[in-house]
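Novice: Dropping a structure here in structure tokens format, bear with me for questions.
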Amino acid sequence: MNVLVIGSGGREHALGWRLAQSSAVSCVYYAPGNGGTAEGKCRNVSLLQFRDIAQFITAEHIGMTVVGPEAPLVNGLVDFLYQHGCKRVFGPTQKAAQLEADKFFSYGLMSRLSIPQAMAKMCYSLDEAFTVIRNHPTEQVVIKARGLTGGKGVVVCDSKAQALSEMVAHAATYGPEVLIAERLSGEEFSVFGISDGERVLPLKLSVQDHKRLLDGDTGPNTGGMGAYCPAPVAPSSMVQSIADSVMTPLVQQMKADGIVYKGFLYAGMMLTAAGPKVLEFNVRFGDPECQAAMMMVTNLAEVIASALDGHLQPLDCRPGAACCVVLASSGYPGPFKKGLPITGIIETESVKVFHAGTRAEHGLLSTDGGRVLGVTAYSPQGIASARAQAYDAASSISIPGGFHYRTDIASRALRKVRY
Ligand code: AMP
Ligand code: GLY
């Protein structure tokens, strides 16, 4: 079977790398891929238009297409491919992708199903948001933009006064439609599942992301500076129960509403004093959570095929732990230089360096984005060993002109449990 992976980031590199390890897969194409994806039985193809992608799938007899990022999903790539005769596409349709693209849609659906989440009110205008903030029962509130904001549309406020003043700038940037939510407290983790439209089977390991740029969870928010799994905060039993009590009912309700959800499903969770609550749903795998998760999963190609066939098989994981450390361009998430040479990448049986913002030309590798590499290690011995190997591999990489990585990925796990 030939496989096509849509996207160019570290998540897509990790998905394609794992898919390529299946004996059922003869070639993985990445559209468009990056400087590291064209390795082994994998090739990059520069397809950007929906029409070109559909033609390629037909011409190359692609048996499975996996869509990585949210943008093409939200823009209707899967619907377009279905309409053009490409049926073996793994990813939600545009309507199903509202779960991530429209926070009013997901809030409403969760409310109907009594899924534990932060209490919130949907506001359609600036005036309504002001009134809701003033009448909120507690001082601490969270402002959430209704639409997609690349993770930047959430403001967690310490007081109503702060929320009222933040609201003006927020509306100017993201529009006036917002959820005003109760501020929850607790440790965050992520749960990933695969849906065949009928039910969701989870990756039985919770994953923890590190969204802030700097050590100690300080500095600005980023797409994610590292991730590890499993996260001790949420054991497998909790992950399974979230899949059964939250994710499966959600896709079943969507199906009853006429929206079949096939694809990865990502629940951003917080473990509060009252138990786990959903912060958000995304309609894709997390990046860089995927890079850590793909070091653990052993049967991805078979499971995606089973989801496309409508008889979903469970994801198998090897024992142990994985840790991904993201190397980012200096300046990220603000402006940064591109085109700096990258040297010193060393991979071993247990270390894989997933590429994100890289470019390969005439055999030379250079930077081409904010998040450049995801140095990822697996160890059967657990997180301390996986983390040590990831940092060891990161320390040999050099990018003259500067790059940055956090030195405390997975340290929360080390403080908590030995496993
Ligand atoms: P979201 O895009 O909804 O996951 O929000 C981004 C980040 O904002 C989350 O990872 C949390 O750290 C924070 N956040 C979102 N909603 C809440 C909430 N209701 N209470 C506290 N923090 C929140
Ligand atoms: N790492 C967070 C995300 O993928 O949304």
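Novice: For the condition assigned to a loop (DSSP other than H, G, I, E, B), over 30 Å from the mean Cα position of the chain (by Cα) and β-branched (Val, Ile, Thr), what is the one hit in Thr138, Thr149?
Specialist: The conditions single out Thr138.
Novice: Is there a residue in the stretch 238-245 that is closer than 18 Å to Asn282 by Cβ, within 16 Å of ligand 1 (Cβ to nearest atom) and modelled with pLDDT of 95 or more?
Specialist: Among the residues of the stretch 238-245, at least one is closer than 18 Å to Asn282 by Cβ, within 16 Å of ligand 1 (Cβ to nearest atom) and modelled with pLDDT of 95 or more, which makes the answer yes.
Novice: Return the residue satisfying two criteria in turn: it lies in the stretch 386-419 and is over 17 Å from Ile346 (Cα atoms) and part of a helix (DSSP H, G or I), and of such residues it is least open to solvent (accessible area, probe 1.4 Å).
Specialist: Going through the qualifying residues, I end up with Ala413.
Novice: While we're here: Is it the case that Ile115 is of a type in the set (Val, Ile, Thr) and either more than 22 Å from the chain's Cα centre (by Cα) or modelled with pLDDT under 95 (or both)?
Specialist: Details: of a type in the set (Val, Ile, Thr): yes; either more than 22 Å from the chain's Cα centre (by Cα) or modelled with pLDDT under 95 (or both): no.
In short, no.
Novice: Would you please list the contacts, defined by Cβ atoms under 6 Å and residues six or more apart or on different chains, that run from a residue in the stretch 242-270 that is hydrophobic (A, V, I, L, M, F, W, C) to a residue that is part of a strand (DSSP E or B) and open to solvent by 10 Å² or more (accessible area, probe 1.4 Å)?
Specialist: Hits for this filter: Met269/Pro276; Met270/Glu188; Met270/Lys277; Met270/Leu279.
Novice: Just one of the numbered conditions (1) closer than 25 Å to Gly263 by Cα; (2) open to solvent by 60 Å² or more (accessible area, probe 1.4 Å); (3) away from ligand 1 (no atom under 13 Å from the Cβ); (4) of a type in the set (Asp, Glu) is not true of Asp196; which one?
Specialist: If we test Asp196 against (1) closer than 25 Å to Gly263 by Cα; (2) open to solvent by 60 Å² or more (accessible area, probe 1.4 Å); (3) away from ligand 1 (no atom under 13 Å from the Cβ); (4) of a type in the set (Asp, Glu), just (2) comes out false.
Novice: Let me ask another. Considering only residues of the stretch 103-137 that are away from ligand 2 (no atom under 16 Å from the Cβ) and among the charged types (D, E, K, R), which is least open to solvent (accessible area, probe 1.4 Å)?
Specialist: Once the filter is applied, the top-ranked residue is Glu128.
Novice: Checking the condition at pLDDT 95 or above, loosely packed, with under 13 Cβ neighbours inside 10 Å and outside the structural domain of Ala14 (by TED's automatic domain parsing), which residue from Thr376, Thr358, Thr367, Thr343 passes?
Specialist: Thr343
Novice: Residues in the stretch 292-311: is at least one assigned to a loop (DSSP other than H, G, I, E, B), within 16 Å of ligand 1 (Cβ to nearest atom) and not aromatic (Phe, Trp, Tyr)?
Specialist: No, every residue in the stretch 292-311 fails to be assigned to a loop (DSSP other than H, G, I, E, B), within 16 Å of ligand 1 (Cβ to nearest atom) and not aromatic (Phe, Trp, Tyr).
The values are calculated or read from the model by the stated rules, or taken from the named source; none is laboratory data. The structure presented is a predicted model; accordingly, all values stated were derived computationally and were not measured. Cβ atoms come from the backbone with ideal geometry, glycine included; neighbour counts cover every protein chain shown. Ligands, DNA and RNA are excluded from the accessible area calculation, which covers all protein heavy atoms including side chains. Shrake-Rupley method; radii C 1.70, N 1.55, O 1.52, S 1.80 Å.
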